[in-house]
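First up is the structure itself, then whatever we jot down about it.
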Amino acid sequence: IVDIKGGPDEGLNRLGETLVVRGWVRTLRVQSSVTFIEVNDGSCLSNMQCVMGSDAEGYDQVESGVISTGASVWIRGIIVGSQGSKQKVELKVDKLVTLNLGTTVAKLFVRFGNEKGYCIKKSIHVGKSDPSFPIQKKRVSREFLRTKAHLRPRTNTFGAVSRVRNALAYATHKFFQENGFIWLSSPIITASDCEGAGEQFCVTTLVPNSREATDSPVNAIPKTKDGLIDWSQDFFGKPAFLTVSGQLNAETYATALSDVYTFGPTFRAENSNTSRHLAEFWMIEPELAFADLEDDMACATAYLQYVVQHILENCKEDMDFFNTWVEKGIINRLSDVAEKSFVQLTYTDAVELLLKAKKKFDFVSVDVVTVQHGCKVTWGCDLQSEHERYITEEAFGGCPDIKAFYMRQNDDGRTVAAMDMLVPRVGELMGGSQREERLEYLEQRLDELKLNKESYWWYLELRRYGSVPHAGFGLGFERLVQFATGIDNIRDAIPFPRAPGSAEF
Ligand code: 4AD
Ligand code: MG
């Protein structure tokens, strides 16, 4: 609500003041002597109840039916104490202006208007909602709202998710800034595949200026005589991709500026239609110089506790909403995260735990990911979401996933210094590791994985010149939003989700 920071309760200190509210009508109730208009401007969950008598300027707009659910309005009034039980203050309206001049309004003018442009008969359309507005007051499914991504921020749930997401981003910068980290913009277009999983979106260029000359953009990709892509003619002169992780770039800066972090969009062409995978997601990747895995885990824990504490303190109204409507008990669960220590579990112990509960994981799993990979638990396998769920929800702790080339080899020669942080409901929230800072080990790993050493020449040089022990982790920001709000599908944790087959809006 404009000018009342901290929600309408603050208005109690401002009784008698004049206030302007600009927002969207949530509900409209017309009674014989007064009209109640609930307006929300997105700044908080509560609506401002505006009470309008027939003597207020602009009352004709109520009478004519121009103003209805979803309409945008400018309302001026005086803050007064409310007799209703839902709110402490309300606005006694002295002037209302309807701002939207869309087609519905125009239609209403035509159907009900007199020569002045509005209807003076009280009985017509008064107090009704606009029947064509896609989001009516009744509860609608989140699945349906995904098809209305342009209007869903006007609902309670998405308003609250947006504000908590914003608070988490703010707390993220605050945490790292307060701890001496320097924020780094890692590139979105890159030639290297950090995770080596081949899940990159390729960026090719159209031949300059040839766009208009062709019907199909595909025809404009430079090709050789054999019909293959001619990379030498391409914009970057070689294949380029959307980044899957800013880690390698962060390592570069960590070995010059000490602790750094990235916070930006990353992309994965994973064909996983699950409730925790997106094709475009935001990642936070701190990289700690002169640090080992223990330091990395300590940082990850402190970070999570800090941001959780921040939203519990600063997003009370929205968190109460999630606690009531989305996930009962989420506030208690998050308070535990903020206060209690985390369970640490080695990979070997995690596998042992799963083997003891083996029956559950012998291909009878209903989890799509598990079935696809057909992964029976054996030592050395990458743990799947079904296993993570068992560990976090039925057992407790954590277990790292498969070894990437950059992870530091442990002295046992068969494990690496890596960690995942798993949380209930979401599973893997972060993945991190101590990086291999020893040149010969790194070269050996690249060979083992048949990765092209030449394309990592600059990364190898970081080991040749002034190498230091360093470690970091990556946290999927939308998974954090899921965890913090209880929203069960990751597509509802980002404004405009990108997933297989969906890139609208
Ligand atoms: O475990 P990942 O693949 O690790 C890395 O990318 C490392 N380079 C990070 C580092 O050490 N700097 O991804 C890190 C996190 C995961 O734990 C998960 O939270 C999130 O990114 N993530 C995804 N989130 C949404 N959709 C996807 N498709 C995701 N893939 C990974
Ligand atoms: Mg991972």
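The values are calculated or read from the model by the stated rules, or taken from the named source; none is laboratory data. Everything numeric here is computed off the predicted structure, so don't read it as measured data. Virtual Cβ from ideal backbone geometry, glycine too; neighbours counted across all protein chains shown.
Figure legend. Inter-residue proximity from the stretch 158-185: first residues surrounded by fewer than 17 Cβ atoms within 10 Å (Cβ to Cβ), second residues among the hydrophobic types (A, V, I, L, M, F, W, C), beta-carbon distance below 6 Å, spacing 6+ or different chains. Indicated pairs: 182/257; 182/260.
Scanning the stretch 450-474 for residues that are charged (D, E, K, R) and assigned to a loop (DSSP other than H, G, I, E, B) yields one hit, 450.
Looking only at the stretch 209-267, residues that are assigned to a helix (DSSP H, G or I), modelled with pLDDT of 85 or more and of a type in the set (Gly, Ala, Ser) come to 4 in all. Here the stretch 426-480 is the region considered, the condition is being closer than 18 Å to residue 255 by Cβ and hydroxyl-bearing (Ser, Thr, Tyr), and the residue that is farthest from ligand 1 (Cβ to nearest atom) is 465. The lone criterion from (1) over 29 Å from residue 325 (Cβ atoms); (2) in a loop (DSSP other than H, G, I, E, B) left unmet by residue 95 is number (2). For the stretch 433-441, the criterion of being under 24 Å from residue 381 (Cβ atoms), assigned to a strand (DSSP E or B) and of a type outside the set (Ser, Thr, Tyr) is met by at least one residue.
Quick one: how many residues across the stretch 1-42 are part of a loop (DSSP other than H, G, I, E, B), modelled with pLDDT of 90 or more and surrounded by 14 or more Cβ atoms within 10 Å (Cβ to Cβ)? Number satisfying all stated conditions: 2. Taking each residue of the stretch 272-290 that is more than 17 Å from residue 300 (Cβ to Cβ) and looking for partners that are crowded, with 17+ Cβ neighbours inside 10 Å and of a type in the set (S, T, N, Q) with beta-carbon atoms closer than 7 Å, six or more apart or interchain, yields 281/266. Looking only at residues in the stretch 127-157 that are touching a Leu at 6+ places or on another chain (Cβ under 9 Å), surrounded by fewer than 18 Cβ atoms within 10 Å (Cβ to Cβ) and under 28 Å from residue 476 (Cα atoms), the one that is modelled with the highest pLDDT is 156.
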